[in-house]
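Here is the structure we will look at, set down as structure tokens.
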Amino acid sequence: LFATRLTINGEVSIELVIAAMIGAYMAMNIGANDVANNVGPAVGSKALTLVGAIMIAVIFEAAGAIVAGGDVVSTIKKGIINPSLIADSQTFIWLMMAALLAGAIWLNLATALGAPVSTTHSIVGGVLGAGIAAAGWAIADWGKMAQIAASWVISPVLGGVIAASFLIWIKRSITYKKDKIAAAKRMVPLMISIMVWAFSTYLLLKGLKKIWKLDIFMAGGIGFGIAVVAYFLIAPYIARYANKLANEKQSINKLFTVPLIFAAALLSFAHGANDVANAVGPLAAINDAILHQGVASKAEIPLWVMLVGALGISVGLALFGPKLIRTVGSEITELDQMRAYCIAMAAAITVIIASQLGLPVSSTHIAVGGVFGVGFLREYLKSSYDKTIQEIEDHHTDEDQSVVEEFMERFESAPFEDKRQMLAQLKVHKADVDLPKKDRKELKRVYRKELVKRTALFRIAAAWVITVPASAFLAAMLFFTIRGMMVP
């Protein structure tokens, strides 16, 4: 409706009206699919209700897009095609419309299938496919495409390893301790301060990069200063609150609730500032091409175009976001606040590391990789624990049941280091048993507990791999269709 109010040489541009509609459709699909990565873990861990998460995400996504979305955007996302090979502005407009619509349709399909995919990869595939349809295979930068393909592995692996590392740290320093409250009073302020440091640096480097350009050392230094102040502010509060809690794991979870709410808000702000370009970049390029009758590598973003992106993301999240929020938050593996904290840390730290090393990463793949990392670590720890219990029972086979129960009670309540010593003593006195290979495999199968849903793993991995080619194929078909309709 707004685009119909704009006139070029006294006439309404039908192409701009159609492009604005497609841009809004793309923005809605970004809101429905991509935003789940920012708030899904917080919802799954019960730190936020679904309604609360949607309200926070709507406000901060829109704020990020409008406040820090920038005034200029690259018309060719990631430089994957060479715009100088495009014959004229009309062909460029058709190319961008096809790319935008293909990316949006693929995101719509992925959301319907419950697969969180990269919106950046969707639009990259669209631009690639439409570009090849318009000017042939030579237009593509295959080196860039190889980097994007590498991110399918780099992003989830980095996210998973970092999330799992933080979870091990929490378990070793807090939940495996006998006095969990004392450990929490000592460690939780430090963990939250590290979170403040990571997120401050992340926000300065990524969320505000279009209005305030900082290098990693300046951003990290400012973030560290904010983290030190945060430590001294929150340590007394954590100590007072922890004294009211029971000495159990569930109580420790409550200490991470407020930080997770802030993390969801900051991730949403940074996402709005960065990924709104996926919706408005091609729309801004079309607007620029229609106004100036030329093909440019950069295009100014008018306020109305940015509002289309910001409002589209918010509406898409509110209408269709819950499906993917549930997928990320609860359908892959069970999350609590501590696990969600680890995933949030992975999301921020991986982007910081990758941006400095020049590694191509996707925020979607990082967040979902973090969820899988936490889930597979839980599987490993559960399997190891069940195996340990079985070894204890096997060692006490010929002893009285009361002796077994007494040892098990001491083992359950022992701190982590004491448990290791108790097991070491058992192994010294344990008789060697040489099991056949088949029996060893059977034992491993019994001990393995599937805490990560394999159907979700295979569905999401398949969607990641086919996102670029599927979006490219759709874009090529749409480009030929549009050209066929528009050419006299």
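Some observations on this one:
- Filter result (open to solvent by 60 Å² or more (accessible area, probe 1.4 Å) and not aromatic (Phe, Trp, Tyr)) within the range 11-29: 11, 12, 14, 18, 21
- Put simply, of 177, 185 the only residue that is of a type in the set (Lys, Arg) and in a helix (DSSP H, G or I) is 185.
- For residue 98, the conditions (1) in a helix (DSSP H, G or I); (2) within 20 Å of residue 271 (Cα to Cα) are fulfilled apart from (2).
- Here residue 215 qualifies as more than 30 Å from residue 382 (Cβ to Cβ), open to solvent by 60 Å² or more (accessible area, probe 1.4 Å) and modelled with pLDDT under 95.
- The one condition from (1) open to solvent by 20 Å² or more (accessible area, probe 1.4 Å); (2) modelled with pLDDT of 85 or more; (3) in a helix (DSSP H, G or I) that residue 46 does not meet is (3).
The values are calculated or read from the model by the stated rules, or taken from the named source; none is laboratory data. Every value quoted in this text rests on a predicted model; they were computed, and no experiment measured them. All Cβ positions, even for glycine, are placed from backbone atoms using ideal geometry, and neighbour counts span all protein chains on display. For accessibility, only protein heavy atoms count, side chains too; no ligands or nucleic acids. Shrake-Rupley method; radii C 1.70, N 1.55, O 1.52, S 1.80 Å.
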